[in-house]
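A.B. asks: Take this structure first; my questions come after.
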Amino acid sequence: MFKTKMYRLLTGGRSLILAYDQGLEHGPTDFNLKNIDPNYILDIAEKGGYNALVFQRGLAEKYYQNYRDKVRLILKLNGKTSIAKVEPYSAQTCSVSRAIKLGAEAVGYTVYVGSPREAQIFEEFSKIAEEAHDHGIPVVAWMYPRGPFVPNDSTTEIIAYSARVGLELGADIVKIKYNNDFEGFKWVVKAAGKCKVVVAGGHKEAENELLQQAKEIVDAGATGMAIGRNVWQHPEPLKISQALKKIIIENKSVKEALKSLKK
Ligand code: FBP
């Protein structure tokens, strides 16, 4: 079962995942009148042919159930708001068994590497990884270095370390940020070993920059992207999805992907 689920998260070894947990992580400040509605996002995930969509449990319960046959779900098992300025720790909000009942193909969890609460985070994550794997469910780990002991979360060294921690702790896919160091990112991917590497999108940026970033990360050996704002804040989410797929899934050039945007 694990192999089938892992296989379905990929297309020819690559993956494009739509992330929509920002309502909890950042608040509605990321949204407009369209993308505040989870149905809008489900429609993008379905029509855009995403490998999977990331939801927290509340959205999975209230919006996802009619889409079980149309969109694959990665259920995020922990979360936090951006309000409390405390030591980085994202509490567990859903169990693995509940995620499976809700139709999850995989589960997700944020590990704040280097946080003063790292020991607690590791303990929680290890239990989740064990339970998920016992049930044949892949684990996607958001590996984000953060906290007072991490003066810079964008160095290649700390990103590579975070990717490695994901591998060591039993993640199947690590979701990390790209720091635009193309050569360094090859090392990051090596550090992740048999773990697949997907890159987060970040704040909305220019289309050519986003597509260039997508090209660099797959050329460096990453599996793809798990991206949110750059897609559902885009005026034409299906077009930008198509352009990303051209690069990530079809191995096309940035030029060809940009051309598909103009059509
Ligand atoms: P984006 O592509 O919109 O950046 O989403 C990626 C993501 O990892 C989300 O899944 C998550 O909500 C958010 O970024 C958290 O980012 P941060 O902790 O840096 O605010």
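A.B. asks: Return the whole-Å distance between the Cα centroid of the stretch 39-53 and the Cα centroid of the stretch 10-33.
C.D. replies: Cα centroid of the stretch 39-53 versus Cα centroid of the stretch 10-33: 10 Å apart.
A.B. asks: Out of Pro116, Pro237, Pro151, any idea which swings most in a Gaussian network model of the chain, alpha carbons joined below 10 Å?
C.D. replies: Pro151
A.B. asks: Can you compute the modelled spin-label distance between His133 and Thr4, with each label point 7 Å from Cα toward Cβ, in nm?
C.D. replies: Inter-label distance under the simple model: 2.1 nm.
A.B. asks: Among Lys101, Lys47, Lys196, which one shows the biggest mean-square fluctuation in a GNM of the chain, springs joining Cα atoms closer than 10 Å?
C.D. replies: Lys101
A.B. asks: Along each of its three principal axes, how wide is the spread of alpha-carbon positions in the stretch 69-185, in whole angstrom units, largest first?
C.D. replies: Largest first, the stretch 69-185 extends 41, 34, 25 Å along its Cα principal axes.
A.B. asks: Another question about this same structure. Run the paramagnetic zone check for Lys34: 7 angstrom along Cα to Cβ, then residues of the stretch 216-260 with backbone nitrogen under 16 Å.
C.D. replies: Of the residues in the stretch 216-260, 228-243 have backbone N under 16 Å from the label point off Lys34.
A.B. asks: Of Lys5/Lys245; Lys186/Lys259; Lys62/Lys85; Lys101/Lys204, which pairs sit farther than 26 Å apart, going by alpha carbon to alpha carbon? Don't skip to the end; give the middle numbers.
C.D. replies: Numbers: Lys5/Lys245 20 Å; Lys186/Lys259 28 Å; Lys62/Lys85 29 Å; Lys101/Lys204 34 Å.
In this structure, Lys186/Lys259; Lys62/Lys85; Lys101/Lys204 exceed 26 Å between Cα atoms.
A.B. asks: Can you give the helix-only mean residue ellipticity at 222 nm for the chain, where every DSSP H stretch with n ≥ 4 adds -39500 (n - 2.57) and the sum goes over all residues, rounded to the nearest 500 deg cm²/dmol? List each step's numbers first, then the result.
C.D. replies: Values: 11 runs with 106 residues, N = 263.
Here the helix-only value at 222 nm equals -11500 deg cm²/dmol.
A.B. asks: If R0 is 30 Å, what FRET efficiency do you get for Glu183 and His26 from their C-beta distance, rounded to 0.05?
C.D. replies: Numbers: r = 31 Å, r/R0 = 1.04.
Approximately 0.45, to the nearest 0.05.
A.B. asks: Turning to a different aspect of this structure: How many nm is it between the label spots at Ala206 and Val86, if each spot is 7 Å from the Cα in line with the beta carbon?
C.D. replies: Distance between label points: 4.2 nm.
A.B. asks: If you average 1/r across every pair of different Cα atoms in the stretch 2-257 and take the reciprocal, what Kirkwood value do you get, in Å?
C.D. replies: Working: mean 1/r = 0.0555 Å⁻¹.
About 18.0 Å for the stretch 2-257.
A.B. asks: Run through every distinct alpha carbon pair of the stretch 126-207 and return the Kirkwood hydrodynamic radius in angstroms, one decimal place. The partial results should precede the final answer.
C.D. replies: Values: mean 1/r = 0.0751 Å⁻¹.
Computed over the stretch 126-207, the radius equals 13.3 Å.
A.B. asks: Can you tell me how much longer the chain between Lys47 and Lys194 gets when fully stretched, taken as 0.36 nm per residue apart minus their C-alpha distance, in nm with one decimal?
C.D. replies: Details: separation 147, 0.36 × 147 = 52.92 nm, distance 3.02 nm.
Answer, rounded to one decimal: 49.9 nm.
A.B. asks: Would you mind computing the Rg to Rh ratio of the stretch 162-263 from its alpha-carbon coordinates, Kirkwood style for Rh? Can you show the working numbers first?
C.D. replies: Values: Rg = 13.6 Å, Rh = 13.8 Å.
Using only Cα positions, Rg/Rh for the stretch 162-263 is 0.99.
A.B. asks: Exactly which GluC sites (Glu not before Pro) in the stretch 168-252 are in a DSSP loop and have at most 16 other Cβ atoms within 10 Å? Can you show the working numbers first?
C.D. replies: On the way: sites: Glu168, Glu183, Glu205, Glu207, Glu209, Glu216, Glu250; in loops: Glu205, Glu250.
Those satisfying the criteria are Glu205, Glu250.
A.B. asks: Hey, another quick one. Say each of Leu258 and Leu238 gets a label point 7 Å from the Cα, pointing the same way as Cα to Cβ; how far apart are those two points in nm?
C.D. replies: 2.5 nm
A.B. asks: How many angstrom lie between the Cα centre of the stretch 191-263 and the Cα centre of the stretch 90-106?
C.D. replies: So the separation of the two Cα centres works out to 27 Å.
A.B. asks: Relative to the compact globular guide of 2.2 N^0.38 Å, what is the alpha carbon radius of gyration of the stretch 77-134, as a ratio? Intermediate values should be presented prior to the final figure.
C.D. replies: Working: Rg = 12.1 Å, N = 58, 2.2 N^0.38 = 10.3 Å.
Rounded to two decimals, the normalised Rg is 1.17.
A.B. asks: Give, rounded to the nearest 20 debye, the magnitude of the charge dipole that the chain has about its Cα centre when Lys and Arg contribute +1 at Cβ and Asp and Glu contribute -1 at Cβ.
C.D. replies: On the way: 37 positive and 30 negative charges, 164 e Å.
Using Cβ point charges on Lys, Arg, Asp and Glu, the chain gives about 780 debye.
A short reminder: the numbers here are calculations on the coordinates, not readings from a lab. Since the structure is predicted, the reported quantities are computational estimates derived from the model, not experimental observations. Don't worry about glycine lacking a Cβ; one is built from the backbone with ideal geometry, like all the others, and counts go over all protein chains shown.
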